[in-house]
């Protein structure tokens, strides 16, 4: 066999092995899929006592990092926040994403309970899921607002996640100035990233007059959504298509390009489209989002997303309190803090990178998972009956 033929075969085998791992994370629902049993609860309504005690101990270590004055808080009248309608729409979208677990067909057809309540029309909707970190969501075109939407759901079991506070960090490939991020969040994002971004590109071509891409998410989905928003805002993308139908999209942030030279890709019959850019449109809103990275990462987020990024927090929600400051993690402003149980009033925290007691970090001795499940009057998780 000629040397060039052997070389071609070698690279083809390598490509197949590379894509067998992650190319099926995103799929359009073509047939009706069975719903899981009714008794499966995506996020338990209470924390186990052992998880609560463990979490309270870890959070208590942050006491030395919290300031006591109000200098870092600005009244809502002095610092604009998204409107309540904007936040409620984003919360309904985030809640709808939990139907990935129960009835992805209804979600893809935009017929779930919160889908209908959102008041928007979605089409060309694709559902995705990665079981390794129990992350999922959907990508689709919002006809009503003329935007492409990327929405991430959170973990299937928040109690299990909070019980394991092993928050290892990892650097961001190609961006040393961006500090470090939670390694699990990085892995979860990268597992669905290529397929999600490929779908966004497809929608951009299908709806060329769209205003741009809007991203949102709840809980762990909020953390993954932040990485997606950064990628969309900061990156230049390269799309590689192979003769066997497989595609791969890489960017300058959070995902290295394929390990092949251009002449090697030519041998494999691959076509390459480079210099692809996306427009991140409007405000990026997350709900009950955990801390994602270090102080340097928080600075990078603030520099990249500016005043268009809002973290919405609620009362005694424990999730925004982890990973802890003592572990080296820091939240990024701006924070919209609903400080009552009834979710009726909020204050907006300023650009300061230092967290203070006037916002979510303040209530130390009261942790409530029910506050994590309710945002702006919307129950942010679903069950089988709401997804049918």
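The values are calculated or read from the model by the stated rules, or taken from the named source; none is laboratory data. Treat the numbers as computed from the prediction; the structure is a model and nothing was measured. Note that each Cβ is placed from the backbone with ideal geometry, even for glycine, and that neighbours are counted across all protein chains shown.
Quick notes on this structure:
- Residue list for the stretch 166-206, restricted to those being farther than 20 Å from residue 284 by Cβ, in a loop (DSSP other than H, G, I, E, B) and in contact (Cβ under 8 Å) with a residue 24 or more places away in the chain: 167, 173, 174
- In the set 369, 360, only one residue is at pLDDT below 90 and under 24 Å from residue 96 (Cβ atoms); that residue is 369.
- Check on residue 107, at pLDDT 70 or above, within 17 Å of the chain's Cα centre (by Cα) and either crowded, with 16+ Cβ neighbours inside 10 Å or over 19 Å from residue 197 (Cα atoms) (or both): no
- Of the listed requirements (1) without any contact (Cβ under 8 Å) to a residue 60 or more places away in the chain; (2) surrounded by 20 or more Cβ atoms within 10 Å (Cβ to Cβ), residue 90 misses just one: (1).
- Among (1) surrounded by fewer than 20 Cβ atoms within 10 Å (Cβ to Cβ); (2) not in a helix (DSSP H, G or I), the one test that residue 307 misses: (2)
- When 85, 62 are checked against the criterion of being at pLDDT 90 or above, over 20 Å from the mean Cα position of the chain (by Cα) and assigned to a helix (DSSP H, G or I), 85 stands alone in meeting it.
- Residue match in the stretch 282-298 (condition: assigned to a helix (DSSP H, G or I), touching a helix residue (DSSP H, G or I) at 6+ places or on another chain (Cβ under 9 Å) and either modelled with pLDDT under 90 or surrounded by 21 or more Cβ atoms within 10 Å (Cβ to Cβ) (or both)): yes
A quick yes/no check of all residues on (1) farther than 18 Å from residue 207 by Cα; (2) in contact with a helix residue (DSSP H, G or I) (Cβ under 8 Å, 6 or more places away or on another chain); (3) modelled with pLDDT under 75:
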position: 122; (1), (2), (3): no, yes, no
position: 125; (1), (2), (3): no, yes, no
position: 156; (1), (2), (3): yes, no, yes
position: 163; (1), (2), (3): yes, yes, yes
position: 177; (1), (2), (3): yes, yes, no
position: 183; (1), (2), (3): yes, no, no
position: 188; (1), (2), (3): yes, yes, no
